[in-house]
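Here's the structure we're looking at; comments come further down.
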Amino acid sequence: MALEPCTELPVKITADIPVLKERGQREVFCGLTGIVWLHRKMQDAFFLVVGSRTCAHLIQSAAGVMIFAEPRFGTAILGERDLAGLADANEELDRVVDQLLERRPDIGTLFLVGSCPSEVIKLDLAKAAERLSHRFFPKVRILNYSGSGIETTFTQGEDACLGSMVPVLPRSDEAGLMVVGSLADVVEDQFRRLFDKMGIGPVYFFPPRRAANLPPVGKGTKLLLAQPFLSDTVRSLIARGGTLLPSPYPLGIEGTTAWLKTAADAWNVDSKVFEEAIEPPVKRAKIALERYRQALTGRKAFLFPDSQLEIPLARFLSRECGMELVEVGMPYIDRLLMDSEIALLPQGTVLSEGQDVEKQLDRCREARPDITVCGLGLANPLEAEGMATKWSIELVFSPIHGYDQAADLAELFARPLERRRRLTV
Ligand code: SF4
């Protein structure tokens, strides 16, 4: 959390949608949280957080309840002795890495993940990764990124992680589609089947399931984003020759169709082939979604800035579930990644960027929305005040992309409403 003087400035960023810009106290998790889903995605990667006991507690409590195998993350805790001198800290880090790689020969890629304690900031992790790579590459690739909570939100951890991999992607100028952003394996398989039916390929998913299987990038690479929080990664991929295909994100039926159509158009797929490929899953999704749409229609939603998924979610809630949007907050709005989504929001949607949490809470309490999407830190107090909430972090942990998950996504919002209804009868 950072405390800064508050400035409010309504700025027009796209036709008829003003943005309330706020800078003040924020309530978000830090980028270390990304390890929770990234370690499950990349089966041969290990995430070594270089941090404090607080970092170790955060990562253990966020991930500990969800894993049943030997963890592929850990924390090298900098102690008092390390503070005495950086040489000691570097030696200590090398010793921990030696021990780890000896004990875990299954590790193919090791990420050294920086955090925000000042003693860690002083440590040059890029140099440490380079030094250790000299010793362990090619058996183990060692990369580094920062998951620090200073001025970042939790999904930026994935952006930083993927960004650290971009420079080591192999070069190829062959035509190919790169889907950027981690997706649940089951969702990835569904998309791959649809791309195959349309004759789109080769298709690469980034991050890959094994960090050692890096996708190629170059002038023929078309970039299709599956997640809206990858600002730095996308720019690095563009700098390596990739071309961004701007598109809404594959949340809900409409978003998924628009996303697939963007790829289909880039591959000149015949519209009949496209329609035939999507017809069965669209039909299934419409039937499954209907039940939740009825429960959500006409209800009011307030989205606090947390995951960077807020605008695509708001678009889904409003256009496919009939919800009314009170306010849609985003930690930051990157127009390169967000314009296609903003264009789909209903006229007059109140968008806010950044946060001044007390003021935003006041606006929320005054509006008394039916559901509030927010981080864990705000959810409990709001629940205690009688308001139904949805933890935004759950939306990142759950498979929510694609046709077959559209109803599951709606259910994530319908469930707290039902729970609140039961509590109040
Ligand atoms: S990186 Fe910073 S914000 Fe995150 S757990 Fe460690 S000390 Fe806390």
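The values are calculated or read from the model by the stated rules, or taken from the named source; none is laboratory data. Just so you know, these numbers come straight off a predicted model, no measurement behind them. Glycine gets a Cβ as well: all are built from the backbone with ideal geometry, and neighbour counts include every protein chain shown.
Values computed for the structure shown
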read-out: Matching residues in segment 126-158 - criterion: being more than 15 Å from the ligand (Cβ to nearest atom) and over 19 Å from G108 (Cα atoms); value: K127
read-out: Breaking point among (1) under 26 Å from R135 (Cβ atoms); (2) at pLDDT 90 or above, for E70; value: (2)
read-out: Residue list for segment 208-243, filter: buried (at least 17 other Cβ atoms within 10 Å of the Cβ), over 16 Å from the mean Cα position of the chain (by Cα) and aliphatic (A, V, I, L, M); value: A211, L214, V217, L223, L237
read-out: Residue in segment 204-217 that is under 30 Å from L123 (Cα atoms), touching a residue at least 12 places away in the same chain (Cβ under 8 Å), more than 16 Å from the ligand (Cβ to nearest atom) and of a type in the set (F, W, Y) present; value: yes
read-out: Residue within segment 4-15 that is at pLDDT 85 or above, over 18 Å from the mean Cα position of the chain (by Cα) and more than 16 Å from the ligand (Cβ to nearest atom) present; value: no
read-out: Conditions (1) more than 16 Å from the ligand (Cβ to nearest atom); (2) surrounded by fewer than 21 Cβ atoms within 10 Å (Cβ to Cβ): number failed by S118; value: (1)
read-out: Residue ranges of helices (runs of 4 or more DSSP H) in segment 364-425 with at least 3 members farther than 20 Å from G252 by Cα; value: 376-384, 406-424
read-out: Conditions (1) touching a Gly at 6+ places or on another chain (Cβ under 7 Å); (2) crowded, with 23+ Cβ neighbours inside 10 Å; (3) at pLDDT 95 or above: number failed by L162; value: (1)
read-out: Tally of residues being part of a loop (DSSP other than H, G, I, E, B) and either within 11 Å of V166 (Cβ to Cβ) or among the acidic types (D, E) (or both) across segment 227-240; value: 2
read-out: Residue that is away from the ligand (no atom under 12 Å from the Cβ), farther than 22 Å from A211 by Cα and among the hydrophobic types (A, V, I, L, M, F, W, C), where the choices are V28, V36, V19; value: V19
read-out: Residue within segment 326-334 that is exposed (fewer than 15 other Cβ atoms within 10 Å of the Cβ) and more than 25 Å from L183 (Cα to Cα) present; value: no
read-out: Residue match in segment 300-311 (condition: at pLDDT 95 or above, surrounded by 15 or more Cβ atoms within 10 Å (Cβ to Cβ), under 21 Å from the mean Cα position of the chain (by Cα) and assigned to a helix (DSSP H, G or I)); value: yes
read-out: Entirely in segment 111-226, the helices (runs of 4 or more DSSP H) that have 3 or more residues that are among the charged types (D, E, K, R); value: 125-136, 185-198
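Conditions tested, residue by residue: (1) under 25 Å from the mean Cα position of the chain (by Cα); (2) within 16 Å of the ligand (Cβ to nearest atom); (3) at pLDDT 85 or above; (4) not aromatic (F, W, Y).
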{"site": "F47", "(1), (2), (3), (4)": "yes, yes, yes, no"}
{"site": "S61", "(1), (2), (3), (4)": "yes, yes, no, yes"}
{"site": "L78", "(1), (2), (3), (4)": "no, yes, no, yes"}
{"site": "L86", "(1), (2), (3), (4)": "no, no, no, yes"}
{"site": "V96", "(1), (2), (3), (4)": "no, no, yes, yes"}
{"site": "L100", "(1), (2), (3), (4)": "no, no, yes, yes"}
{"site": "R104", "(1), (2), (3), (4)": "no, no, yes, yes"}
{"site": "G108", "(1), (2), (3), (4)": "yes, no, yes, yes"}
{"site": "V113", "(1), (2), (3), (4)": "yes, yes, yes, yes"}
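Let's see how each residue does on (1) at pLDDT 95 or above; (2) over 16 Å from L289 (Cα atoms):
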position	(1), (2)
V373	yes, yes
L378	no, yes
E385	no, yes
D408	yes, no
E411	yes, no
R415	no, no
L423	no, yes
